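Structure first, then comments.
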């Protein structure tokens, strides 16, 4: 794709398909008549059917939300001479456009609720699912302690010779009870993390798996494959996604802050920060405006009061907060 057009300067091909689609929605709305930019857009659409689906979904959502937050104009009433004389005031009737705004607003809410509820529905069949907005503490039958993050779910499968956990969604931290004859293995996507008497966290998001060790040792491998890397305390690894590679990383001391309700951001992109905070509120957070999407933020945020944290982010970025319903927060 040709990225020489000056309007493509903010584009990052490493973004997810969803983020790219949101960027294109804004660009085509602002500069859709730019021939060179439109050619880039057509090239992007042709690359993958996922691009086309993501673009049309986001384009419809933005249009609906624009209707939903646009106030209806106050009708202007013109009096004829007879009405001025006898004091009769004509009744202002709702226009068809006003009706469309109301309908579009309802559609926007339904779309957002659907997008938000679909991941929730996947949690219902799990052995343990945390539907609350706080971290939940569990104790398994072998006395292993699990801290299950908000909007996260696991299945537990204990066998005589091994203990297996399937991380279905979100993030969990395990304080494993040692047992040399029954290894403790966490599966996420096509990755497994085998504990060697330890405390460690596993996160699954968009088919990307992150393993982070606080204590002890953890062997990380593909399912049914040889060990790829062995992590010790203070190390982590990320597998899957577009930049799939196995490389140990050194973890900051604040990396496990989520266990106590603290989210620490260090030069984190604003959309990623809002996505992290969104986990701890009901509903979705939508960020409108391309310029702010390129900014990064650093700081410590209280996930136990995530709504206030989102307001603080908006204040720092000089954004307006519009809460259409308790389940839809728009920053613009």
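All but one of (1) free of Cβ contacts under 8 Å to residues at least 60 places away in the same chain; (2) part of a helix (DSSP H, G or I); (3) buried (at least 17 other Cβ atoms within 10 Å of the Cβ) hold for residue 258; state the number of the condition that does not hold.
The number of the failed condition is (1).
Anything in segment 146-201 that is closer than 22 Å to residue 125 by Cβ and either in the same structural domain as residue 280 (by TED's automatic domain parsing) or more than 28 Å from the chain's Cα centre (by Cα) (or both)? List them, or say none.
Passing the criteria: 157, 158, 159, 163.
Let me spell it out: the conditions are (1) modelled with pLDDT under 80; (2) surrounded by fewer than 17 Cβ atoms within 10 Å (Cβ to Cβ), and residue 11 meets all of them except one. Which number is the exception?
Single failed check for residue 11: (2).
Please go through segment 313-332 and give me each residue that is surrounded by 15 or more Cβ atoms within 10 Å (Cβ to Cβ) and assigned to a helix (DSSP H, G or I), ordered by number.
Scanning segment 313-332 gives 313, 314.
Please find, among 269, 293, the residue that is at pLDDT 90 or above, surrounded by 15 or more Cβ atoms within 10 Å (Cβ to Cβ) and under 17 Å from the mean Cα position of the chain (by Cα).
The unique qualifying residue is 269.
Looking at segment 230-240 only, could you name the residues that are at pLDDT 90 or above, surrounded by fewer than 20 Cβ atoms within 10 Å (Cβ to Cβ), part of a strand (DSSP E or B) and under 28 Å from the mean Cα position of the chain (by Cα)?
235
Give the residue that is nearest to residue 254 (Cα to Cα), with candidates limited to residues of segment 275-312 that are in contact (Cβ under 8 Å) with a residue 40 or more places away in the chain and assigned to a strand (DSSP E or B).
300
Does segment 165-174 include one or more residues that are surrounded by fewer than 15 Cβ atoms within 10 Å (Cβ to Cβ) and out of contact with any helix residue (DSSP H, G or I) (no Cβ under 8 Å at 6 or more places or on another chain)?
No: zero hits.
The values are calculated or read from the model by the stated rules, or taken from the named source; none is laboratory data. All values reported here derive from a predicted model rather than from experimental measurement. As a convention, Cβ positions derive from the backbone with ideal geometry for all residues, glycine included, and neighbour counts pool all protein chains shown.
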